[in-house]
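The values are calculated or read from the model by the stated rules, or taken from the named source; none is laboratory data. It should be emphasised that the depicted structure is a prediction, and the values quoted were computed from it without experimental measurement. With ideal geometry, Cβ positions are generated from the backbone for all residues, glycine too; neighbour counts draw on all protein chains shown.
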Amino acid sequence: MPDSNPSNPSNDSNQADQLHAMRHSLAHIMATAVQHLWPEAKFGVGPVVENGFYYDIDLGKAKVSEEDFGKIEAEMAKIITADEPFTKSEKPVDEAIAWAQQAKQPYKEELLNDLKRAGTTVAKDLNADELGTITEGDAQVANVSFYQNGDFTDLCRGPHVESTGKTGAFKLLRVAGAYWRGNEKNPQMQRLYGVAFATDQELHNHLALIEEAKKRDHRKLGQELDLFTISDLVGPGLPLFTPRGTVLRNELVRFSEELQRTAGYEAVWTPHMTKVELYQASGHYEKYPERFDVSSVESTDKFMLKPMNCPHVTQIYASRPRSYRDLPLRYMETTTMYRDEKSGELHGLSRVRALTQDDSHAFVRPDQIEEEMSNILGMVKQMYLTLGMDLSVDLSFRDDGDNYFGDPKVWKAAQDILEGVAKAQELNYKIELGEAAFYGPKIDIHVADALGRKWQCATVQLDFVQPERFGLEYIDEHGAKQRPAMIHKAILGSIERFLSVYIEHTAGKFPIWLAPEQVRVITVNQEEATVAFADKILSQAKEKGVRLYVDNSNESVGKKIRAAEVAKVPYTLVIGEKEIASSEVIPRIRKDMAVMDVPMTIGIDQFIGTVVNEAKSRVLKTSL
RNA sequence: GCCACCUUAGCUCAGCUGGUUAGAGCAUCAGUUUUGUAAACUGAGGGUCGUCGGUUCGAAUCCGACAGGUGGCUCCA
């Protein structure tokens, strides 16, 4: 494949533009190849995405599968070898519409019609970058631009590389279904994805990275490290946690609850089942009627499993009169809830039907909102700093749609408060319009997994709507009734989702405080004295709460060490005659961990003490 | 839910275009060995080839439905 060197390699933005043009040109070349192979193809849009490009294509009854990639790539190679120039032209928009009709490209025609009406259209996915928009802003579009290569012409804003030969290295990766303009009600097209880079070497590196990411997949590691399982009999989206996986869950929750307790939160407990009326009162039923699978238990009441927690907690607040002196009232509950996710959306631990949140709700006076939110963000920062993970922060605000409950003025005020807090906390945030919950704006914290996919973990939500709907109140200093605000938060978010990200982040090399097995003792032989010594170490560990296992199997020492390494156990102690005689051990330390903290030779008591301290202080010793 | 693909032992995978009792490595179990820092040796058990139905003299292999999974799309209170 021919390389294309940017004209000015020292200029990064120039290089980025060049790569963008290459990828975009490859999208056109792929479309050209598809048109050669399936002349009836109707084209949607073909933008550049991270690491590559895609094109949405409708072949009618015919379907592209990954088996076809060979011949598509071969056809693309022909086009690239032909080194056809990309030539730009402009047409008045009406002429362009006529072209689309004549070329039997209904999707292009629709886009052009929208462009013509630009300013009145509300299609937010009308991505101006990918179209031939000449004018900017809301004005009507007069002219649109086209690019032609060989026998393929496409509505396109450009820019492109000069000719098809200058497109670098690429590979088609997969085909997926994608709804036209991202709307479920529209026809589904086939989206052909490719990756592309300036050089073969970069492409090779990227593909190697994908392979590496596969090794860290939490579903694979969950099996290998014996953390969780998903049984067909129990059902999809309902993971079961083994003893080792449960250690991870419990330790994380313990930390989260410690942080919350320090910040004044008190534990509450609510049942996992409720009458449907609760969710009619909260407004959730109205918003998600199809999600409430209802079972009748007794009498005429209809019950459901709780899909969330806040409406339940409002009833604890409402159970007695509250004074302004009582606020903030802070309730926390780490609890499991149940949501009927669509089958195609389930994914390992990231998206499940039974999810556990380290949830909390603070009921606060308006003057207490900022401080409470700051405290919460402090907890979030401390959690993720301890775990060594990077955050990205979104302020999820409402858009102009009518999906939201409550007074828009109150919304504006709530959003201003959130942004103020984000600024005060010096968060590097971006605002996402239309991402708010129906009851209020959110601060959403995202963490990336090994494949670079971002997952929402922590969330802080400011809610004036539910206190209103449930008629929550407190008596102020003048004896008047006032309405509290409600602040929802989760630090880990869904524990299951958090674990999916965290397992991939660490590749299963957990720090001492989280490691399901902190120490493994390997016996050199099975003689009585050795077994007795191992037992003694084991009981000392148990006494101090250290998670230690003994491998006394009749295998070679080398094999047992390998097994401990594969299981990613932080410390391994080999015991034999020497250790029994001296009562000292030489801890073998997992490779990713710093070596200096533990001396070469150490007494058993002292070693156990070190492990206890490291776990207690939640040291992050791994270099990932 | 939608589109493409996948499903053979606990795990990772062979099994060519349909043709006798479906294989391997790891893991498990048993025996030998009593082991000193990333894999001792020998042997054994383990699969109605995801399920159901169809085509065929004959199906792990071809077709269909269903289930589960993978990658996306849509959704995520």
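Being more than 16 Å from RNA strand B (Cβ to nearest atom) and more than 26 Å from A:Phe255 (Cβ to Cβ) is a description that applies to A:Tyr317. A:Pro511 meets the conditions (1) closer than 23 Å to A:Phe228 by Cα; (2) within 20 Å of the chain's Cα centre (by Cα) in every case but one. The failed one is (2). Specify the residue that is farthest from A:Thr314 (Cα to Cα); the eligible residues are those in the range A:341-371 that are in contact with a Gly (Cβ under 9 Å, 6 or more places away or on another chain) and acidic (Asp, Glu). So the residue we want is A:Glu345. Residues of the range A:149-185 that are within 16 Å of RNA strand B (Cβ to nearest atom) and within 21 Å of A:Ile97 (Cα to Cα): A:Trp180, A:Arg181. Is it fair to say A:Leu207 is aliphatic (A, V, I, L, M), without any contact (Cβ under 8 Å) to a residue 60 or more places away in the chain, more than 13 Å from RNA strand B (Cβ to nearest atom) and in a helix (DSSP H, G or I)? Yes, satisfied. Scanning the range A:211-225 for residues that are more than 9 Å from RNA strand B (Cβ to nearest atom) and surrounded by fewer than 15 Cβ atoms within 10 Å (Cβ to Cβ) gives A:Glu211, A:Glu212, A:Lys215. Of all the listed residues (A:Ser392, A:Ser396), the sole one being of a type outside the set (Phe, Trp, Tyr) and surrounded by fewer than 19 Cβ atoms within 10 Å (Cβ to Cβ) is A:Ser392.
Listed by position, the strands (runs of 3 or more DSSP E) enclosed by the range A:461-578 that each have at least 1 residues that are at pLDDT 95 or above, within 9 Å of RNA strand B (Cβ to nearest atom) and crowded, with 22+ Cβ neighbours inside 10 Å are A:485-494, A:519-523, A:571-575.
With the structure loaded, tell me whether A:Ser343 is surrounded by fewer than 16 Cβ atoms within 10 Å (Cβ to Cβ), of a type outside the set (Phe, Trp, Tyr) and closer than 30 Å to A:Gly479 by Cβ or whether it fails that test. Here the answer is no, as A:Ser343 does not meet what is asked. All conditions in (1) without any contact (Cβ under 8 Å) to a residue 24 or more places away in the chain; (2) under 23 Å from the mean Cα position of the chain (by Cα) hold for A:Phe292, with the sole exception of (2). Looking only at residues in the range A:372-402 that are assigned to a loop (DSSP other than H, G, I, E, B), under 23 Å from A:Tyr288 (Cβ atoms) and under 24 Å from the mean Cα position of the chain (by Cα), the one that is modelled with the highest pLDDT is A:Arg398.
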